[in-house]
Structure formats: structure tokens, C-alpha cells
Amino acid sequence: MKLPLAIGLVLIMEVLLMDGIHAAKRRQTKIRDRMIADRKCTTGPMDLLFIIDSSRSVRPFEFELMRNFVIDMINFLNVGPDAARIAMIQYSSQIQNIFSFKTFQKKADMIKSIKEVIPLAQGTMTGLAIKYAMSIAFTEKEGARPLVQKIPRVAIIITDGRPQDRVTEVAAEARESGIEIYAVGVQRAEMSSLRAMASLPHEEHVFLVETFDLINQFAKTFKDKLCSQDLCANVNHGCEQICISTPGSFRCACREGYVLNPDKKTCTAVNHCALGDHGCEHICVSTPGSYHCRCRPGYTLNQDKKTCSAINLCSLGDHGCEHICVSTPGSYKCRCRPGYTLNQDKKTCTTVDMCNTVEHGCEFECVSTPGSYFCICPAGRQLNEDGKTCNRCSKANIDLVFVIDGSKSVRPENFELVKKFVNNIVDALDISSQGTRVGLVQYSSRVRTEIPLGVHTSAVAVKKAVNNVVYMEKGTMTGLALKHMVENVFTEAGGARPGSQSLPRVGIVFTDGRSQDSITEWAKKAKDAGITMYAVGVGKAVEDELQEIASEPVDQHFFYASDFNIIDQIAENLKVNICEEEVTGQETIKDPCACETLVAFQQDTLSLLEEFSQKLAQMTGKLDDLENRLPKAVK
């Protein structure tokens with residue numbers, strides 16, 4: 001009997017030992033389950049949408065079980081703007097939004113809203129609910145985070161029956177949009193419909209339970225998936241920027257402004273400048289997540305941070321330009337006012353002699369000014385309105401006689417040039433009965449009065465008469481011609497005005513050779529009679545004879561040309577002298593200040609021209625500056 005008793009004791013001890021082992025295991029399991037229950041979800045953030053079937057087939061106590069399931073899941077999750085965002089809708093024949101991702105941030109507010117939900121108790125339009133989730137619930141407007149942030153979008157559909165609408169196409173579209181779908185069927189739910197809705201692999205996303213009491217089995221499974229090992233924290237994930245844990249795995253993501261490279265690990269900054277809509281006028285500089293505009297050298301960025309304006313280096317004041325500074329992008333150049341040229345130093349300016357560089361057209365004399373010029377006339381003559389030519393001698397009061405050589409040495413063709421010489425001078429005279437009177441004497445071996453003084457009272461008539469004079473030829477009796485001029489022409493009978501009027505009498509003797517008689521006596525008598533004598537010699541004319549004929553000062557009354565082709569220049573000089581003679585013969589003596597007045601007028605004109613040139617230069621500079629400011633697309 002002792003042996004069986006011992007065996008019994010051993011058996012009892014073994015049973016007690018096994019019970020102890022099992023009890024210890026049960027305690028370890030409870031501790032493990034409690035640790036899992038107390039453990040916070042260690043995955044990355046997610047946007048989680050609960051889609052609850054509240055059709056008429058779902059009885060009230062069953063709806064309460066679904067309500068408690070959602071509340072239990074919310075209590076389990078780490079909820080917050082940067083963690084899990086929760087939304088919930090219920091559906092039957094219609095959709096009711098209980099709350100969206102942006103509505104609540106606290107669990108207590110979510111749970112309170114869930115407890116207040118009243119079932120709809122109508123049909124089962126599951127496809128309609130999935131479409132609402134895709135097109136409305138999972139939008140940034142409703143609080144879902146942008147897809148570029150790679151935040152998981154998860155939808156849990158709980159239904160107890162067959163959908164009354166099509167779900168296959170809309171569910172596929174939802175999955176392609178980035179939504180991970182879990183399908184939980186209870187009691188009468190159809191497996192084929194659940195598989196049509198859920199994401200792959202189906203063994204991880206499709207759950208079919210017999211009663212609503214068993215829905216907590218899915219809750220435990222889903223919690224285990226969410227609370228799996230945080231691989232981002234415990235493995236060498238290799239992500240360059242961001243690691244996101246997923247159930248049983250992880251994935252890499254990039255910060256805003258970067259994109260994930262094909263290696264799924266490293267990141268590259270998005271080149272915003274390459275998108276083409278940056279709006280930078282000159283240079284676009286891409287930065288992580290953004291960009292900024294920059295200008296080329298010589299430009300500065302405007303306040304709009306897009307367009308550029310050229311830096312006006314001229315405004316800095318140290319350009320050194322003597323006249324005008326013209327700003328260019330990144331530099332400047334000097335320019336001169338009109339009438340000046342830029343020197344080799346590219347800074348200073350030199351006046352241009354306009355009279356020597358342009359066709360000025362001045363009849364008598366051109367005077368250069370900075371950037372321009374003006375014409376002047378000899379004493380006794382005034383500038384016409386055209387600003388170029390000079391008027392005839394004003395209010396002429398002289399008696400003028402031409403004594404021209406018609407000897408055979410002159411030759412016919414040169415005699416015609418002499419007549420043109422006479423008419424050239426006539427053009428400058430104010431011929432009238434009360435003004436200038438012109439006479440003409442031709443001599444050779446004899447002397448003939450061709451045009452008596454005062455016969456013709458207009459320049460046209462005098463010139464016509466000169467053109468009609470016939471060449472005499474033969475000898476050169478200059479002395480006889482002077483005698484004829486004094487005794488027969490400069491007399492009242494010959495048409496001259498009385499000596500009592502004190503009007504100037506002028507004689508112009510033209511010869512091409514030595515006189516064949518003496519000129520001394522009658523040259524002296526002519527000058528003693530008050531006649532101002534001018535001597536013009538051409539070719540072989542004798543200088544001593546010409547000087548003897550000429551009045552004092554001889555250098556102003558004696559002219560010589562080597563040939564007949566250049567006697568027109570002598571005519572121009574004679575015009576000046578003859579007009580001066582006219583001035584002395586005027587009945588009304590000019591104001592002695594008239595010369596000073598003319599000088600003052602010229603000085604005022606120069607001043608005005610200079611001022612105008614400066615204003616023109618300033619305007620030119622402004623136009624250049626405006627041209628530099630035009631955008632390249634207008635320029």
C-alpha cells in the first residue's frame with residue numbers, strides 16, 4: 001500500500017506543478033496582452049475613416065456594438081493633428097457625415113459625437129459611401145493631408161449585408177487614388193462583395209465574422225497591425241530624410257520641396273525654376289521647397305521680387321563725364337552735348353567747328369557756336385529772314401560809276417566776265433532814283449558813256465543795260481577814261497546829284513594792262529573832286545598804276561586778281577566797301593550804338609543757343625535712360 005500512495009503523491013505533485021506552469025503562462029499572457037493594450041501606436045500618422053453601415057437590417061444592439069468598436073479604436077490610437085486624424089460617416093440609402101478630419105482634435109469630442117449618432121435605417125448603398133469617401137471625405141478641404149506628404153489614408157468599412165449598388169468599379173478607383181480599404185463583414189455580408197471592396201492582399205484586409213459580438217476580433221487584429229514593431233526606430237532604414245512606419249514594414253519620404261529618388265531612399269530638391277511659371281524677369285534660383293528671383297549684374301531687384309531695374313551708376317555722381325552721363329546695365333558712358341565731340345579720354349568734350357563741318361549756306365560769313373552756328377553780314381547790310389543771305393545796302397544814297405577796260409587785250413570772253421562782275425555788285429545795291437544811281441563808262445583808245453547816272457532806276461534795268469554793252473577792243477587809254485568820268489559823268493548834266501547834297505561819289509576802274517597814256521593828273525583830280533576811287537586790276541595790270549588810282553587807304557581801295565575767273569571774290573569785297581560808303585551817304589545817320597546793339601543781339605543769341613543745347617542734351621540723356629529701362633521683350 002505504501003507504493004501506490006507514493007505514486008499517488010507523485011501524481012498529485014505533477015498535477016499541481018502543471019497547474020502552476022499553466023497558471024504562470026496564463027499570467028504571462030495576460031501581462032503581455034495588457035502591455036499591448038497599454039502600448040501606444042508606434043506607426044506614423046494616418047488619416048483613418050470609419051464607414052458604418054446603418055441600414056434597416058442592422059438592429060439597435062448591433063449598431064451599439066459597432067459604435068463601441070469605433071470608440072475602442074479611437075481610445076487605442078494616438079490622435080492629433082500630426083498623428084492620427086479620425087473621420088466617420090454612416091450610410092444606408094444616403095450618406096451622413098458624422099465628423100470630418102478637420103472637425104475634432106480631441107478624443108473626448110469625437111466619442112461624444114459618436115454616442116449621439118442615430119441610425120438611418122434605410123437601404124444598403126455601400127458603393128455610394130465609398131464614392132463619398134473618395135471624392136469628399138479624403139480631401140484637403142475636409143482636413144485630409146496632401147498626398148505629397150505620403151500620409152497613409154485608411155478606410156474601414158463595416159457592413160452586414162449585400163450592397164444594393166455597384167462597388168467594384170468605385171472601390172478600384174478609390175484604391176487607385178491612394179486609399180487603403182479594410183472590409184469587415186458581419187452575418188449576412190457577402191464575401192465576394194467584401195473582396196471587391198478591400199485592398200490587397202485580401203487575407204490582411206478582408207474580415208468576415210459571424211456576429212457583431214465577434215467584431216472585436218477584427219479590432220484586436222487591426223490593433224496588432226498598427227502596433228507592430230516600429231521598424232523606423234529599430235532598424236537601419238537608410239532613409240535620407242523621413243522614415244514612415246507601416247504595419248510590418250516602413251517606407252521613406254522626403255520633406256516638403258523634395259522628391260524621392262528612384263532608389264526610394266534619397267531625396268532631390270524640386271527645381272521650382274524648371275516649372276516655367278516662376279515669373280522671374282532675369283534669373284530664377286531654386287531653393288528647397290521654393291525659389292527666389294535674382295537680377296543680372298548692373299540691375300537691382302524691384303519690390304515685387306520678380307522684375308529688375310538697371311542701376312543708374314550716373315546718379316552716384318562720380319562718373320567724371322564733362323557733359324552727359326548715360327547709364328547702361330552695369331556700367332555707364334559719357335556723351336557730349338550737340339556741337340561737341342568726345343575726346344579720347346571718353347570723358348571730356350571739345351567744341352566742333354560747325355562752319356567747317358556742315359554746309360552752312362551763309363552768304364557772307366559763318367560763326368560757329370557750341371552745337372550750332374549763325375550767319376553774319378558785312379557792315380551796312382542786314383541778315384534776311386532766311387538767316388543765310390544778306391539784304392542789299394540799306395537806303396543807299398551814292399552815285400556809282402564803273403569804268404571798265406574794253407581794250408583788245410581783254411578779249412570778248414573775258415569782257416563778258418567783266419559785265420557779270422559789274423552785275424554781281426549791282427545785285428547788292430538798292431538802286432532807285434533817290435537811292436543808288438549807277439553809271440557805266442567803257443574805254444579803249446576812246447571813251448564812251450554806256451549808262452549815264454540816273455537813267456535806270458532799278459537793278460533789273462541796270463543789269464539789262466550792262467548785258468547790252470558792246471565790246472570796243474583797240475587800245476588802253478586809262479587816263480582819258482578818268483578825264484571823261486570827272487568832266488562828263490560826275491556832273492549834274494551827266495546825271496550826278498548836286499554836290500550840295502554831300503552824297504558819296506564812287507568810281508570803280510577795271511583794267512587788265514598798262515595804260516597807254518598818263519593817269520597821274522586825272523587820278524589826282526578825281527580824288528580831289530571828292531570821288532572815292534577803287535582800282536581793280538586783272539592779269540597784266542600794273543600795280544603802281546592801280547595804287548595811284550586808288551583812294552586812301554590804298555590797301556582798302558586796291559584789288560588785284562591773276563585771272564578773270566576769280567574776280568567774283570573781288571566783287572564780294574567791293575560790296576562790303578560800297579555798302580559802307582552808302583552808310584555815310586544816308587540822310588538819316590544811324591544810331592552810333594547800332595553796332596553795340598548788334599553785338600548784344602549776337603551775344604544774346606549765343607546764350608539762348610547754348611541754353612537750348614543744354615536742354616536738348618538733358619532730354620537726350622533722359623530718352624537714353626528710358627530706353628535702357630524697357631523690358632527685353634518690348635526692346
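The values are calculated or read from the model by the stated rules, or taken from the named source; none is laboratory data. This one's a predicted model, so the numbers in the text were calculated from it and none came from an experiment. Every residue, glycine as well, gets a Cβ built from its backbone with ideal geometry; the counts of neighbours run over all protein chains shown. In case anyone asks, the SASA skips ligands and DNA or RNA and just uses the protein heavy atoms, side chains included. Shrake-Rupley method; radii C 1.70, N 1.55, O 1.52, S 1.80 Å.
At a glance:
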| quantity | calculated |
| --- | --- |
| Test result for Pro504, out of contact with any helix residue (DSSP H, G or I) (no Cβ under 7 Å at 6 or more places or on another chain), more than 25 Å from Asn565 (Cα to Cα) and of a type outside the set (A, V, I, L, M) | no |
| Qualifying strands (runs of 3 or more DSSP E) (wholly inside segment 345-412; at least 3 residues being modelled with pLDDT of 90 or more and out of contact with any His (no Cβ under 8 Å at 6 or more places or on another chain)) | 399-405 |
| Segment 543-557: number of residues that are touching a helix residue (DSSP H, G or I) at 6+ places or on another chain (Cβ under 9 Å), part of a loop (DSSP other than H, G, I, E, B) and open to solvent by 10 Å² or more (accessible area, probe 1.4 Å) | 2 |
| Candidate set: segment 345-367, residues that are under 20 Å from Cys314 (Cα atoms) and out of contact with any Ser or Thr (no Cβ under 7 Å at 6 or more places or on another chain); chosen: the one most open to solvent (accessible area, probe 1.4 Å) | Lys346 |
| Options Tyr560, Tyr534; residue that is more than 60 Å from the chain's Cα centre (by Cα), in a strand (DSSP E or B) and surrounded by fewer than 18 Cβ atoms within 10 Å (Cβ to Cβ) | Tyr560 |
| Enumeration of residues in segment 239-274 that are over 26 Å from Ala84 (Cβ atoms), of a type in the set (S, T, N, Q) and either open to solvent by 40 Å² or more (accessible area, probe 1.4 Å) or part of a strand (DSSP E or B) (or both) | Thr266, Thr268, Asn271 |
| Close pairs (7 angstrom Cβ cut-off, 6 or more residues apart or separate chains): without any contact (Cβ under 8 Å) to a residue 60 or more places away in the chain in segment 70-81, open to solvent by 20 Å² or more (accessible area, probe 1.4 Å) and in a helix (DSSP H, G or I) anywhere | Ile71/Ile111; Ile74/Lys107; Ile74/Ile111; Asn75/Lys107; Val79/Lys107 |
| Single match in Gly454, Gly499, Gly475, Gly479 (criterion: modelled with pLDDT under 95 and at positive phi) | Gly454 |
| Filter result (under 22 Å from Val58 (Cα atoms) and surrounded by fewer than 18 Cβ atoms within 10 Å (Cβ to Cβ)) within segment 69-83 | Ile71, Asp72 |
| Residue within segment 554-572 that is farther than 22 Å from Leu429 by Cβ, of a type in the set (Ser, Thr, Tyr) and modelled with pLDDT of 85 or more present | yes |
| Residue check, Cys362 under 60 Å from the mean Cα position of the chain (by Cα) and within 21 Å of Ile570 (Cβ to Cβ) | yes |
| Hey, Ala133 crowded, with 16+ Cβ neighbours inside 10 Å, within 27 Å of Arg56 (Cβ to Cβ) and within 60 Å of the chain's Cα centre (by Cα) or not | yes |
| Residues within segment 334-344 that are outside any strand (DSSP E or B) and either over 19 Å from Lys622 (Cα atoms) or open to solvent by 70 Å² or more (accessible area, probe 1.4 Å) (or both), tallied | 2 |
| Residue ranges of helices (runs of 4 or more DSSP H) in segment 150-229 with at least 1 members under 60 Å from the mean Cα position of the chain (by Cα), over 22 Å from Val58 (Cα atoms) and of a type in the set (Val, Ile, Thr) | 168-176 |
| Qualifying residue in segment 440-448 (condition: touching a strand residue (DSSP E or B) at 6+ places or on another chain (Cβ under 6 Å), open to solvent by 10 Å² or more (accessible area, probe 1.4 Å) and more than 12 Å from Ile398 (Cβ to Cβ)) | yes |
| Test for Pro201: is it open to solvent by 20 Å² or more (accessible area, probe 1.4 Å), more than 21 Å from Asp47 (Cα to Cα) and modelled with pLDDT of 85 or more | no |
| Filtered residue count, segment 275-296, keeping only those that are of a type outside the set (A, V, I, L, M, F, W, C) and part of a strand (DSSP E or B) | 6 |
| Residues (modelled with pLDDT under 95 and among the aliphatic types (A, V, I, L, M)) located in segment 92-107 | none |
| Hey, Thr139 modelled with pLDDT of 95 or more and either under 14 Å from Gln94 (Cβ atoms) or open to solvent by less than 70 Å² (accessible area, probe 1.4 Å) (or both) or not | yes |
| Odd one out for Met110 among (1) in contact with a helix residue (DSSP H, G or I) (Cβ under 8 Å, 6 or more places away or on another chain); (2) assigned to a helix (DSSP H, G or I); (3) over 14 Å from Ile52 (Cβ atoms) | (3) |
| Which listed residue is modelled with pLDDT of 95 or more, within 21 Å of Ile179 (Cβ to Cβ) and either open to solvent by less than 10 Å² (accessible area, probe 1.4 Å) or touching a helix residue (DSSP H, G or I) at 6+ places or on another chain (Cβ under 9 Å) (or both), from Ile89, Ile158 | Ile89 |
| Residue match in segment 506-513 (condition: among the acidic types (Asp, Glu), within 24 Å of Glu572 (Cα to Cα), touching a residue at least 12 places away in the same chain (Cβ under 8 Å) and open to solvent by less than 40 Å² (accessible area, probe 1.4 Å)) | yes |
| Pairs with Cβ under 6 Å, 6+ apart, first in segment 514-538 and of a type in the set (Val, Ile, Thr), second assigned to a strand (DSSP E or B) and open to solvent by 10 Å² or more (accessible area, probe 1.4 Å) | Ile531/Arg505; Val536/Phe559 |
| Ile52 over 19 Å from Thr221 (Cβ atoms), touching a residue at least 24 places away in the same chain (Cβ under 8 Å) and open to solvent by less than 10 Å² (accessible area, probe 1.4 Å) | no |
| Residue in segment 468-503 that is surrounded by the most Cβ atoms within 10 Å (Cβ to Cβ), counting only those that are charged (D, E, K, R) and not in a loop (DSSP other than H, G, I, E, B) | Lys483 |
| Residue in segment 423-436 that is surrounded by fewer than 19 Cβ atoms within 10 Å (Cβ to Cβ), more than 60 Å from the chain's Cα centre (by Cα) and of a type in the set (Ser, Thr, Tyr) present | yes |
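Rundown of residues vs (1) touching a helix residue (DSSP H, G or I) at 6+ places or on another chain (Cβ under 7 Å); (2) under 18 Å from Asp109 (Cβ atoms); (3) modelled with pLDDT of 90 or more; (4) surrounded by 15 or more Cβ atoms within 10 Å (Cβ to Cβ), yes/no style:
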position: Leu3; (1), (2), (3), (4): no, no, no, no
position: Met13; (1), (2), (3), (4): no, no, no, no
position: Cys41; (1), (2), (3), (4): yes, no, no, yes
position: Arg67; (1), (2), (3), (4): yes, yes, yes, yes
position: Arg85; (1), (2), (3), (4): no, yes, yes, yes
